[in-house]
Amino acid sequence: MTALTDVHVPASSYDDLVERVLAGGVGPDPRTQRIAVAFTTRQAVRHEGRGSGYRNEVLSLRLAEAVGSCAVEPGELPDGAVEDCVGADVARLLAHELPPVRVAALDAYLMHALPHGPTNGAQPCPLPAGTSLEKSRARAKAVVELIDAAPGATVLVVGVVNSLLEAMRARGLAYIPCDLKGGTTEWGEPVRTDALAELERCDVVLASGMTLGNGSFEPLRRHAQHHGTPLVMFAQTGSAVLPCLIGSGVSAVCAEPYPFFWLDGGPGTIFRYGGAR
């Protein structure tokens, strides 16, 4: 990522990245950068032919031309959180009491300072127009292509998305599905709720950017860095944050900034960093 090379990144951790931003080492002084718009996006979906559905809720903050986002569990965001962000400077929001606000603010700042594109190390990947399921499958294929593993390898999936599991099954990859909500996959497989307890059983970790907001990202990153386990991230949450950590435990990122594939039936673009394409 060209703009970060001058400050010797990759950052060594999420906290290190925040410190660099606050010190003005990545872009403009965050105390001078104010959030103009804050909003939430809620959706419920059940794809045709699928036996179960899911819900999403995302907090998004707009800084100039950039939008940063952090997913939350539906109903988790307190009343007033959105209004609290509007007009606030990024530095203040990076110290906010709510983790999703902190993550969305950092994401917005980095989207502004280091937008996705070849200049900053990203390779654009087009998503074709189509139904929600068609676009979900296209994104899943793009994500799974980043996994550098042979058929039979075991992937710990943190944040269950059935289209991702379907794409891994097509490649002959075994997987251990994990999600804080538990339940079962589309194929009746039990979903584990403690990802950290499953780490020793996997060859690769594939994790959602939502781990940034719920506090589970750093343990995953530290494990990957210490053990040399590939860690691939698929990120609507923190799409501009996670590429800054490639080389410090993160192996590859499929970054999907707002608006997400499920919001529009037309063509779109996601961005891939690193990995085995």
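Read-outs: derived from the displayed coordinates by stated rules, not from any lab. Small disclaimer: the values here were computed from a predicted structure and weren't measured. Here Cβ is always computed from backbone atoms with ideal geometry, including for glycine, and neighbour counts include all displayed protein chains.
Some points to look at:
- Between the beta carbons of V191 and V37, assuming R0 = 51 Å, the FRET efficiency works out to 0.90 to the nearest 0.05.
- Each label point was placed 7 Å from the Cα along the Cα-to-Cβ direction; for T184 and E76 their separation is 2.5 nm.
- A simple charge model with +1 on the Cβ of Lys and Arg, -1 on the Cβ of Asp and Glu and nothing else charged puts the dipole of the chain at about 580 debye relative to its Cα centre.
- Loop chymotrypsin sites (Phe, Trp or Tyr not before Pro), the range 175-239 (other Cβ atoms within 10 Å of the site Cβ: 15 or fewer; DSSP): W187
- Label assignment, mean projected area of the Cα convex hull in nm² derived from the structure, set (1) 13.3; (2) 14.3; (3) 16.1: (1)
- Order of I176, I270 under a 10 Å beta carbon neighbour criterion, fewest first: I176, I270
- Across the chain, C-alpha contacts under 8 Å between residues 6 or more apart give a mean separation that, scaled by the residue count, equals a relative contact order of 20 percent.
- Taken along the Cα-to-beta-carbon direction at a fixed 7 Å, the label points for T269 and R92 span 3.4 nm.
- Among 93-102, 193-202, the peptide with the highest mean count of other Cβ atoms within 10 Å heads the list, and the full ranking is 93-102, 193-202.
- Per-residue [θ]222 nm for the chain (sum of -39500 (n - 2.57) over DSSP H runs n ≥ 4, rounded to 500): -7500 deg cm²/dmol
- For the range 81-108 and the range 178-236, distance of Cα centres in Å: 25
- Expressed as a fraction of 2.2 N^0.38 Å, the C-alpha radius of gyration for the range 122-274 is 0.97.
- Positive-pole candidate from A224, G24, L93, dipole of the chain, charges at beta carbon: A224
- The calculated FRET efficiency for A150 paired with V45, based on their beta-carbon distance and R0 = 25 Å, is about 0.15.
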